[in-house]
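The values are calculated or read from the model by the stated rules, or taken from the named source; none is laboratory data. Computed from a prediction, not measured in an experiment: that's the story for all the values here. In this analysis, Cβ positions are derived from the backbone assuming ideal geometry, glycine residues included, and neighbour counts consider all displayed protein chains. The area values use the complete protein model at the heavy-atom level, side chains included, leaving out ligands, DNA and RNA. Shrake-Rupley method; radii C 1.70, N 1.55, O 1.52, S 1.80 Å.
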Amino acid sequence: MKNITVTVDDDTYRRARVKAAAEDTSISAVVRRFLIDFAASETEFERLKREEQELRAQISTFRAADRLSRDDIHARRGK
């Protein structure tokens, strides 16, 4: 276990202490729960990787033969 020190203004500390007491917990428990949730959340890279995998799973069929010919590609440019 690691101990950390967090500095907050007096009013924030007072309000947090009152709210924690109303929930029958401590400020340390609230901060611990927040940090666990924060650390467990998905990073931007993980989110993008997950979204890519979901999109790839939606592709039911793909064939290289489905590609446009060189002439078709150039013909589309003018449209």
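On the given criteria, is residue 41 open to solvent by less than 100 Å² (accessible area, probe 1.4 Å) and under 30 Å from residue 2 (Cβ atoms)? Steps first, please.
Values: open to solvent by less than 100 Å² (accessible area, probe 1.4 Å): yes; under 30 Å from residue 2 (Cβ atoms): yes.
In short, yes.
Counting only residues that are in a helix (DSSP H, G or I) and either touching a helix residue (DSSP H, G or I) at 6+ places or on another chain (Cβ under 7 Å) or of a type in the set (Val, Ile, Thr) (or both), how many does the range 27-64 have?
From the range 27-64, those in a helix (DSSP H, G or I) are 27-40, 44-58, 64; that's our starting set.
This time we only want the ones that are either touching a helix residue (DSSP H, G or I) at 6+ places or on another chain (Cβ under 7 Å) or of a type in the set (Val, Ile, Thr) (or both), so: 27, 30-31, 36.
Going through the range 27-64 one residue at a time, the tally reaches 4.
From the list 24, 71, which one is of a type in the set (D, E, K, R) and at pLDDT 95 or above?
Only one candidate qualifies: 24.
Condition first: open to solvent by 100 Å² or more (accessible area, probe 1.4 Å) and touching a residue at least 12 places away in the same chain (Cβ under 8 Å). Can you find one or more residues in the range 7-30 that meet it?
yes
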